Amino acid sequence: MSSQSGVDAAVGARHRAPGRRLSTGQAGDRIFAGAARGSGILVLAIMAAIAVFLVWKAIPALQANKANFLTSQDWNPNATPAKFGIVQLAFGTVVSSALALIIATPVAIGIALFIAFYSPRKLSAGLGYVVDLLAAVPSIVYGLWGLLVLAPHMDGVSKILNTVLGWIPFFGGDSPGKNSIFTASVVLAIMILPIISSISREVFLQVPRANVEAALALGATRWEMIRLSVLPYGRSGVIGASMLGLGRAMGETIAVAMVLTFAPGVNVHILEDGGNTFAANIAKSFGEATSTGRGALIASGLVLFVITLVVNMAARAVVARRKEFV
Amino acid sequence: MSSPSTSLGSVSAGRKIKDRLVQGLVYLAFALAVIPLVSLLWTVVKHGAKRFDADFFGHSMNGLAGKDAGGGAYHAIIGTLEQVLITSVIAVPIALLAAVYLVEYGGRSRLAKVVSFFVDVMTGIPSIVAGLFVLALWLLTLQMGFSGFAGALSLAILMIPTVIRAAEEMLKLVPNDLREASFALGVPRWRTICFVVLPTALPGIITGVMLAVARVMGETAPLLLTIFITKAINTDPFTGPQGSLPTFIWDQAADPNHNAVDRAWTGALVLILIIMLFNLVARLVARAYKPTGR
């Protein structure tokens, strides 16, 4: 907070022209405006500080690393010599969140359409609130539920998928289980449903009334109206919403850490137990990490930070571009 | 009345089937969202009720192993309440001032645009990264130990952008006439903002703050790195590891003994109840003081 008052003082000093009488109002204005501006700048400072400190504290561990950080599959930062790389973490993070997105997006669009166009108008606000409740449940509770309730059910589902779709490499493998990347993806999909559906719903509700009524007047059925007027209008909004969901899924820590059993190495058979993600790995390995181990976790967190930053910026850009058209 | 529809030609069977099919899929999508929600709430209540007793609210886990019966989350509840309070004390003034800057001062300036963009980006920071940042800054660089305050710092990073966005929306809703009337009376800008604009937007801001509090209260990941885990009661948020409800659940769920798992469920029930309470009160405040506009 010292930086903030520093800004106040600087702003005050700069504007105080000599010889000019200051009414209390002007002094108050300057201090208040300075504090407001300082808080805005503080947000930028925090973002910069996050990047700087993560890089700074990651460097010693990266220098001690005897394996290639970008290409090694091992994660043994506590060993001497320390050897760690992010391949397995990146694989788990990308695959689980991409799969979650594939599962969640169609369902979320369905929910948004249901609330915007299919549900009885009187109920739609209440039903929207029900879906938003999913967002209010903390991730630790999703983890607990995923581990103790969902995972046992996923055992059977995984076996069926393995038998039917086993010819696809991803769904192959000999021992489909319940603590797999696939189960983690399902939990993630449930967690990102509300964010995708609520933004999509907003976008669908903004479709100009005239477009909807024109389609209906031409004799379109409800689905044809949606296909012709709602979906084209809402497409970029839905894409932006999905990308925000993707960012959320990539950064999700606790639910994945609880559901997923860890096993070393990249396993492309996502129905089999074992896997790891950036975020879950940090939560699970922090307790027994040595100082190099902590540095290594910070380095992996930095990679996660950069990836989510890129995804979120792209998502915001897509959503913002849509706003300009409206 | 039925003749026009027949003379216009009814919708062909194929189109009708497709329409019905999509309707079915849309209903199914909604059901798919409701099933996990109901299942989750039901299991949390069912399993959580087992240990929802006086012991749970009156005792800590000090000296108890996972397999032992009894014990409770007193230390965790104290910790969570203290941490969330400190988080709010840090985050709310900063966020409010930043929102005031964006709405009242920033205008279309370059700085305001950059700040606004980074507020959006900050909303998307993974919570574990906020924890890592506090770890790198507070614990590794400044050499401070694990504490509730460190946890509150990491939660504040997650809370600031949500409160900024909520407050910004509310400040934008304040009619410009109010500001102009105040200016016309010769009231300085800062007094206009403090005594006219902010009070008008206050109910909405309170709602936003409470929703943000409910949101950070359930965060686990950053706390694992900043408050660490303790079984004992620590009422001092500035020194030593502290408990919290989310880390309590995490710790107990990692233990395979059924006594520990029961405690984890009850912890989840208590956490959900507190969060729902905050959500409910926030919505009631929003409804009671709904801006009527003009």
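The values are calculated or read from the model by the stated rules, or taken from the named source; none is laboratory data. Nothing here was measured: the structure is a model prediction, and the numbers come from that model. So basically every Cβ, Gly included, is an ideal-geometry build from the backbone, and we count neighbours across all protein chains shown.
May I ask you to list the residues in segment A:173-212 that are closer than 30 Å to A:ALA125 by Cβ and small (Gly, Ala, Ser)? I'd like the intermediate steps shown before the answer.
First pass over segment A:173-212, keeping only residues closer than 30 Å to A:ALA125 by Cβ: A:186-212.
Selection gives A:ALA189, A:SER197, A:SER198, A:SER200, A:ALA210.
Assess whether A:VAL95 counts as being assigned by TED's automatic domain parsing to the domain that holds A:ILE181 and surrounded by 20 or more Cβ atoms within 10 Å (Cβ to Cβ). It would help to see each step written out before you state the result.
Numbers: assigned by TED's automatic domain parsing to the domain that holds A:ILE181: yes; surrounded by 20 or more Cβ atoms within 10 Å (Cβ to Cβ): yes.
Considered against the rule, which asks whether it is assigned by TED's automatic domain parsing to the domain that holds A:ILE181 and surrounded by 20 or more Cβ atoms within 10 Å (Cβ to Cβ), A:VAL95 comes out as yes.
Please go through segment B:103-142 and pick out each residue that is closer than 24 Å to B:LEU173 by Cβ, among the hydroxyl-bearing types (Ser, Thr, Tyr) and within 7 Å of another protein chain (Cβ to nearest Cβ).
Result: B:TYR105, single match.
What are the residue pairs meeting all of these: first residue in segment A:305-319, first residue within 13 Å of A:ARG248 (Cβ to Cβ), second residue of a type in the set (D, E, K, R) and assigned to a helix (DSSP H, G or I), Cβ atoms under 8 Å, and 6 or more apart or on different chains?
A:ASN312/B:ASP120
Answer yes or no: is there a residue in segment B:244-260 that is of a type outside the set (Gly, Ala, Ser), farther than 19 Å from B:PHE52 by Cβ and crowded, with 21+ Cβ neighbours inside 10 Å.
Checking segment B:244-260: at least one residue is of a type outside the set (Gly, Ala, Ser), farther than 19 Å from B:PHE52 by Cβ and crowded, with 21+ Cβ neighbours inside 10 Å.
Those residues that are in contact (Cβ under 8 Å) with a residue 12 or more places away in the chain and either crowded, with 17+ Cβ neighbours inside 10 Å or within 11 Å of chain B (Cβ to nearest Cβ) (or both), I need them from segment A:98-112; list them, please.
A:LEU99, A:ALA100, A:LEU101, A:ILE103, A:ALA104, A:THR105, A:VAL107, A:ALA108, A:ILE109, A:ILE111, A:ALA112
Among the residues of segment A:113-149 satisfying the criterion of being under 23 Å from B:ASP262 (Cα atoms) and free of Cβ contacts under 8 Å to residues at least 60 places away in the same chain, which is nearest to the other protein chains (Cβ to nearest Cβ)?
A:PRO138
Taking the residues in segment A:30-77 that are more than 9 Å from every other protein chain (Cβ to nearest Cβ) and touching an Asp or Glu at 6+ places or on another chain (Cβ under 7 Å) as candidates, determine which candidate is surrounded by the most Cβ atoms within 10 Å (Cβ to Cβ).
A:GLY34
Between a first residue in segment B:19-38 that is closer than 17 Å to A:ALA136 by Cα and a second residue that is in a helix (DSSP H, G or I) and hydroxyl-bearing (Ser, Thr, Tyr), which pairs have beta carbons less than 8 Å apart while being 6 or more apart in sequence or on different chains?
The qualifying pairs are B:ALA33/A:SER197.
Output the residues belonging to segment A:268-284 that are surrounded by 24 or more Cβ atoms within 10 Å (Cβ to Cβ) and assigned to a loop (DSSP other than H, G, I, E, B).
Within segment A:268-284, A:ILE270, A:LEU271, A:GLY275, A:ASN276, A:THR277 qualify.
Looking only at segment B:58-105, how many residues end up being more than 30 Å from B:VAL163 (Cβ to Cβ) and either modelled with pLDDT of 95 or more or not aliphatic (A, V, I, L, M) (or both)?
Our first condition is that a residue be more than 30 Å from B:VAL163 (Cβ to Cβ); within segment B:58-105, this holds for B:58-72.
If we keep only those that are either modelled with pLDDT of 95 or more or not aliphatic (A, V, I, L, M) (or both) as well, we get B:58-60, B:62-63, B:66-68, B:70-72.
The number of residues fulfilling the criteria is 11.
If a residue counts only when it is without any contact (Cβ under 8 Å) to a residue 60 or more places away in the chain and among the small types (Gly, Ala, Ser), which helices (runs of 4 or more DSSP H) contained entirely in segment A:157-267 have at least 1 such residues? If you could, list the steps in order and put the result at the bottom.
Numbers: elements: A:181-205, A:209-217, A:222-225, A:231-251, A:254-259.
The helices (runs of 4 or more DSSP H) meeting that bar are A:209-217, A:231-251.
Would you check if there is a residue in segment B:200-207 being closer than 26 Å to A:ALA33 by Cα, modelled with pLDDT under 95 and within 14 Å of another protein chain (Cβ to nearest Cβ)?
Our first condition is that a residue be closer than 26 Å to A:ALA33 by Cα; within segment B:200-207, this holds for B:200-207.
Narrowing the set further to residues that are modelled with pLDDT under 95 leaves B:200-207.
Checking the rest, the ones that are also within 14 Å of another protein chain (Cβ to nearest Cβ) come to B:207.
Looking through segment B:200-207, at least one residue is closer than 26 Å to A:ALA33 by Cα, modelled with pLDDT under 95 and within 14 Å of another protein chain (Cβ to nearest Cβ).
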